[in-house]
Amino acid sequence: MAWGKKKSGRKEPTFGLGAALSDLRLTADDRVPGGGDDRPKKTPKQAPKRESSNGGGDKPRKSRTSSKARSSGGFGKGIKRLFYWGAVLGLWAAIAIVGVVIYVGAHLPPIQSLEIPKRPPTIQIVGMDGTVLATRGEQAGANVSLKDLPPYLPKAFIAIEDRRFYSHYGVDPIGIARAAATNLMHRGVSQGGSTLTQQLAKNLFLTQERTMARKLQEVELAFWLERKHSKAEILELYLNRVYFGSGAYGVEAAAQKYFGKPAKNVTVAEAAMLAGLVKSPSRLAPNRNPEGAEARAKVVLAAMQDAEFITAAQAKGATGVPQYNVKPVGAGTVNYVADWIGEVLDDLVGQVDESIIVETTIDPKLQSVAEAAIIDELAAKSVKFNVTQGALVAMTPDGSVRAMVGGRNYSESQFNRAVTAKRQPGSSFKPFVYLTAIEAGLTPETIRTDAPIDIKGWKPENYTHEYFGSVTLTQALSMSLNTVAVRLGIEVGPASVVRTAHRLGIASKLEANASIALGTSEVSMTELVGAYAPFANGGLAVSPHVVNRIRTVEGKKTLYTRPAETASQVIDARAVAMMNTMMQQTILSGSAKKAELPGWQAAGKTGTSQDFRDAWFIGYTSQLVTGVWLGNDDNSPTKKATGGGLPVEIWSRFMKTAHQGLQPQPVPGLAPSNSFSTNPIGQALSSLLPGSPAPSPSAPPERGYVPSAPVYNGYRPQPPAPTQTNYPAARQQPQQNVRPEAASGLDGWLTERLFGR
């Protein structure tokens, strides 16, 4: 067909898409000059030739009317085409949106099964008097209703988070547009467009990940919440579930956490601070960043005034003189106890899936005293002795832990040195050596030689590098003579010493060698203090414990109750009396003579490990067994910190307060003290005074444990013949260093020192 020649014949009508596209043909007018046409361009000279071929007549001139008609028809067709393609694109967009909604909905739980999830379980730890000591898990306060809150509290959240809360249906397009414009101006994300309903949906059902899929799920769930619940219910749910930092969920928990008061009592300034936390709970927590929290609260107050929720006077008053009274970050040492409970909880009740209350043996008053004793003494003398850490454990003679300090500052270090750390006990391990010797037939008056000793090249020495020749076991233990302890350990056998320690409660692995007598095997503080408890209770085995009962929050169900235990006798009553007689002298005249506990009988043992790396004192009365440890976490040496120094001072400070108001009771196996015996020297010499009554068994105490061991009166045997000793005689030392012979005993030695021969 020639170009431009009309097609003859009948034209049948067409319908549908073909009809719509039938007129879409390109004409010469539609072509752009130089647009890439393959045909050669016509020149003016060629025009006459084309006219001649048509019969030689003039070329018909185009009329303006027909040109305008064609132009009008082309514009109309363009509008039609635009409408058509717009409709097509709109249809496909609608299909895409429906597909996305279906896809997102397919990854949500079925709407009909959606329920408001239960709060995460909370573990509340209380003391023996019911005082709340600590909270573990996600701390959620009690649900509070809107009617119980001051009106400005929920309005603070609406003002800063969702000003159009009552006018949208879960999603706020205006808020989203405003946030998008603000972010575009700041070239970053500086404002969010999520409504309170969307935030609630995220907190209840979704994670905190920042993805488009999660955002779309949030929108769908927001619509569902708006359909299922009223605005008041949504706002109440939001206030009781939103996170406020530091483990606090809900306004009630946050008000208690930060201000120490219920949510119904917060001020306008405090309400503004709580509302400001939602933006960044961790960064703006007022107990960690008070300046940032206060600055954010001022922004909230301005928003509340702008929304006319508060007056200008209220805003000015709250901004001008803020009364925040923020509680400090929980760094109390009771958190070491809470961590220990968390470790044993799974063994007691298994997985926790509901909020529970753990009733403990901790005495909050004693816990505070123990914490102050450790912190104050270290603050005053840590530099002098190069000591950075300390720990304290106090328990009753039946193993109920009353106080535990695992370090000087929980916020700086959560490592529990009272439970987890294992250190060399040094001479505080010697009572197990002496008990083994007593059970083998020796007595406190048995003579042994204090002299240099060489065991296959190992030459243990006394702390003072002095030797006292023939001494009694009581003297050797009270003065912590190393050579005598090593000789006794070899005499009874290291394996027997290990068995004795394990029988009394030491659970750690102990090496059965000659150095075991000097406490070279590492133990934990809690097990060492627990192993001393049989000396305080008459010889009964104990298991250190801190949990008495575990119940649900409502109290409807008890999950655990500590069973009544039938304690086994691990030390013979006579051996208990002998050991307590010897360890009492440690406090009266030995390495712990700085210990002060007026009116009370006490006994114990100091300990210092090699190179002064650890300093210990474990001491006890009929009421409490308390151990103190000082040292450095990196096991570096101290500046000659010994068990008879700082540990004894801390022990005395704690025990004085712990025994205030209690009726003094004797330690099992010791004769009751009289008024004169409150003086250590007088107590040692009381048996020598004319007319002194003979010791008699003590009456049953009003409180604490009834001493089950007989009073050890002892006897003064004559010095054994040289052939009876298992060791060579000690090398001769200057007279001032020689201990008395057994004929005079400890009393005679003290008398000689005080009054001369």
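The values are calculated or read from the model by the stated rules, or taken from the named source; none is laboratory data. This structure is a prediction, so every number in the text was calculated from the model and none was measured. Counting neighbours? That spans all protein chains shown, and the Cβs are built from the backbone with ideal geometry, glycine included. For the accessible areas, the whole protein counts, side chains as well, though only heavy atoms, and no ligand, DNA or RNA atoms are used. Shrake-Rupley method; radii C 1.70, N 1.55, O 1.52, S 1.80 Å.
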Seminar exercise, completed: Counting only protein heavy atoms and leaving out ligands, DNA and RNA, the solvent-accessible surface of residue 656 at a 1.4 Å probe, in Å² to the nearest 10, equals 80 Å²
Problem set entry | Options 473, 493, 443, ranked by Cα towards positive dipole end of region 440-495, top entry (Cβ charges) | 493
Exercise. What base-10 log of the normalised intensity I(q)/I(0) is obtained for region 376-485 from the Debye formula, alpha carbons as equal point scatterers, at q = 0.14 Å⁻¹?
Worked result: -0.83
For this session: Sticking with the crude label model, points 7 Å out along Cα→Cβ, report the distance from residue 466 to residue 663 in nm, one decimal please.
Result: 4.3 nm
Problem set entry | Solvent-accessible area, 1.4 Å probe, carbon plus sulfur percent, for region 314-472 | 49 percent
Exercise. For residue 357, what is the net charge nearby, where nearby means another residue's Cβ is under 12 Å from its Cβ and Lys, Arg count +1, Asp, Glu -1?
Worked result: +2
Exercise. Tell me, what is the percent relative contact order of region 244-393, built from C-alpha pairs under 8 Å that lie six or more residues apart?
Worked result: 18 percent
Problem set entry | Whole-number accessible area per residue in Å² for region 399-545, which is evaluated in the context of all protein chains at 1.4 Å | 31 Å²
For this session: Find the eigenvalues of the gyration tensor of the Cα atoms of region 442-600, then list the square roots of 5 times those eigenvalues as equivalent ellipsoid semi-axes, largest first, in whole angstrom.
Result: 36, 19, 15
Exercise. Using r as the Cβ-Cβ distance of residue 307 and residue 287, and R0 as 25 Å, what FRET efficiency do you calculate, to the nearest 0.05?
Worked result: 0.35
Seminar exercise, completed: In whole Hz, the Karplus estimates of ³J(HN,Hα) for region 368-381 (6.51, -1.76, 1.60; θ = phi - 60°; x where Gly or Pro) are 5, 5, 5, 4, 5, 5, 5, 5, 5, 5, 5, 4, 7, 10
For this session: Rank these by accessible area, largest first, 1.4 Å probe: 556, 80.
Result: 556, 80
Exercise. Can you give the accessible area of residue 446, probe radius 1.4 Å, in Å² rounded to 10?
Worked result: 30 Å²
Seminar exercise, completed: To the nearest 20 debye, region 489-552 has a Cα-centred charge dipole, built from +1 on Lys and Arg Cβ and -1 on Asp and Glu Cβ, of 400 debye
Problem set entry | Protein accessible area in region 508-574, 1.4 Å probe - carbon and sulfur % | 47 percent
Exercise. Looking at 386, 375, 401, which one has the Cα that reaches farthest to the positive end of the dipole of region 371-413 (charges on Cβ: Lys, Arg +1; Asp, Glu -1)?
Worked result: 386
